[in-house]
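Q: Pasting a structure below so you can have a look.
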Amino acid sequence: YTVSLHDLDFRGDRSFVYRLALTQGPRVVATIPAAGKRGETRDVEFVGFGLATGKPKLESVTRKVTFPADPKKDELAYRVETPFGTTPAFDVPLSDTAETIATGKPDALTLPAAVTGVMDQATEARFTCEGKKGDVWNLAAEARRFGSPLDLSLAVADATGKELARND
């Protein structure tokens, strides 16, 4: 095998520092939920390669995880122990908002809210929430932060279905 690295533009500079780590064994690529609420203990599904069988295929295992309550911590570095080895640490972001799992049907959210969903086929996730004129909310749809290749588009519509805003 040959592993090669290069700058996307094939440039070079002394400040272009990198580290290549090659490790054997299972590895995590995602968690469901994607973030953990500080101080909460809950089941987390770890998705990755070799987690359940040790084979080089995408699979998952579930572990009970206690997230630290420390408000100064932004993430939990978690290692999944399996019969096939221990994974490198996977950083699970921490939040002050409870994370729910999307059902695939239009979900009604009580704000503030955070949702983790999986788009394993071409689909659209829809959520409804109550608000009134003059309310100010921050909406953030994230995928790449969690290592996902998903390219999101976010749209907000009123109760009649009229689109009020869109961001790609």
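FYI, it's all coordinate maths here, none of it is from the lab. Everything quoted here is computed from the prediction, not taken from an experiment. Ideal geometry is used to build each Cβ from the backbone, glycine not excepted, and the neighbour counts take in all protein chains shown.
Q: Would you list, by chain and number, the lysines whose Cα falls below 28 Å from the Cα of K105, excluding same-chain residues fewer than 8 positions away?
A: K37, K64, K132, K133, K162
Q: If each of A108 and L58 carries a label point 7 Å out from its Cα toward its Cβ, how far apart are those two points in nm?
A: Distance between the two pseudo-spin positions: 3.3 nm.
Q: Write down the Å³ per residue value for the convex hull defined by the alpha carbon atoms of the chain.
A: Each residue corresponds to 194 Å³ of Cα convex hull volume.
Q: Right, next: Loop-only chymotrypsin sites (Phe, Trp or Tyr not before Pro) in region 66-107, please: DSSP not H, G, I, E or B, and at most 12 other Cβ atoms within 10 Å. Kindly include the intermediate steps, with their values, before the conclusion.
A: On the way: sites: Y78, F84, F90; in loops: F84.
Here no chymotrypsin sites (Phe, Trp or Tyr not before Pro) fit, given the DSSP loop and packing criteria.
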